[in-house]
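One structure is given below, encoded as structure tokens.
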Amino acid sequence: MKIMPNRLDRGFEKYKEEFEKKALEVLNSGYYILGKEVSSFEEEFASYTGAKHCVGLASGLDALWLAFRVLGVGAGDEVIVPANTYIASVMGITINDATPVFVEPDAFYNIDVDKIREKITPKTKAILVVHLYGQACNMRKVQELCKEHDLFLVEDCAQSHGAYYDGQMTGTFGDVGCFSFYPSKNLGAFGDAGAIVTNDDKIADDMRMYRNYGSRKRYYNEVVGANSRLDEMQAGLLRVRLQHMSELTAEREQIAARYLKEITNPSMILPTIAEGATHVWHQFVIRHDRREELIAYLADKGIGTIVHYPIPPHLSEAYAYLGHEAGDFPITEQYADSVLSLPMYNGMTEEEQTVVIEALNSFM
Ligand SMILES: *Cc1c(COP(=O)(O)O)cnc(C)c1O
């Protein structure tokens, strides 16, 4: 049996008829950009998260960089960001010419909230939290710090659709929650898509202006904006999937529960969940000190895995100009050298789960 790290086709098959019906409906409607599918999705996603507004955008990266643009964070400003994240989080900051200030992760792979305070300077304007792999970060502590130091709070929720901290959904704790609906995300589109959520009327209004060439009124342009509109097809298909989110999340939780219970090989470091947080298992990430050997062993048994992520942003070529070196963020670097994401996707069969579990348990 061949098992891939992810199977997007299975996610399509689950609700194939509904997706096909919606796709034809959109094609026949004659409206393809900023029509009723987008406005309905925005209402439904805002209500799902518990936020007042949602603004649909073209990608998760756009959500991030436009969030900082709308907040007025730019050159000369510092933004605190986890060192252990996908590089898009950092690009959202640097596209605006602001400077990322990295903080090491905790045992749950999220920003270590006890190490943020020491990084705050007079130039700090915002904290960007990332709910990595689908586990909510400790938001109460971050909210306190933002209040105390008058900082903007932005959340990167690209991996955490539906995850809660203290009963509140990720994305709604600060000024802006940024979402990606890239096909592999928990709420995935069939192409690129993203959104922000916010409780602030002005941020929502400004975001609508920025996403459409900086224009509130057709052909009157206030700022140099972006073309970052969620399209009708993606919005329509996202509405279909959103209706099934609780069952999709529950299915991921079931797979994770089996992995946690049945992977008994003591050489694997399994994920744990922090008090107050829920985990929606965008990725099920283990650590192993002989990771490359483990990858080869699993590949030999037909099991595909992925490393999220092999090179931390501070050591990426793209950020050589920041002047960081290997050893600057040892916990992040150790994670990058040892993490491994197991196959995890909606529509994964029990038999496939068993094959993965048995292979991990037989690794010597
Ligand atoms: C996927 C992802 C993004 C970027 O989303 P795109 O839609 O691919 O632009 C940003 N941050 C994190 C943590 C992600 O996983």
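Please treat every number below as a calculation from the coordinates, not as lab data. What you see is a predicted model; the values in this text were computed from it and never measured. Don't worry about glycine lacking a Cβ; one is built from the backbone with ideal geometry, like all the others, and counts go over all protein chains shown.
Taking a sphere under 13 Å around the Cβ of Phe363 and counting the other residues whose Cβ falls inside, with K and R at +1 and D and E at -1, yields a net charge of -2.
Across the range 256-310, C-alpha contacts under 8 Å between residues 6 or more apart give a mean separation that, scaled by the residue count, equals a relative contact order of 26 percent. Fully extending the segment from Ala250 to Asn28, taken as 0.36 nm per residue of separation minus the present Cα-Cα distance, adds 76.5 nm.
Selection among Thr249, Pro105, Ala274 by position relative to the dipole of the chain gives Thr249 as farthest towards the positive end (Cβ unit charges, Cα centre). Projecting the Cα atoms of Gly56, Ile286, Val26 onto the charge dipole of the chain (Cβ charges, centred on the Cα centre) puts Val26 farthest toward the positive pole. Loop-located GluC sites (Glu not before Pro) across the range 177-256 with a Cβ neighbour count of 15 or fewer within 10 Å are Glu222, with loop assigned by DSSP.
With R₀ fixed at 41 Å, the C-beta to C-beta distance from Arg258 to Glu144 puts the FRET efficiency at about 0.65. The chain: longest stretch without exposed trypsin sites (Lys or Arg not before Pro) (DSSP loop, at most 13 other Cβ within 10 Å), sites themselves excluded? The longest uninterrupted stretch comes out as 3-122. Could you name the aspartates and glutamates whose alpha carbon sits less than 15 Å from that of Lys147, not counting residues in the same chain fewer than 8 places away? The reachable aspartates and glutamates, counting only those whose Cα sits under 15 Å from Lys147, are Asp175.
The length gained by stretching the chain between Glu325 and Tyr219 to full extension, at 0.36 nm per residue less their Cα-Cα distance, is 33.4 nm. Summing +1 for each Lys or Arg and -1 for each Asp or Glu, what net charge is found among the other residues whose Cβ lies under 10 Å from the Cβ of Ala58? Taking every Cβ under 10 Å from that of Ala58, the sum is -1.
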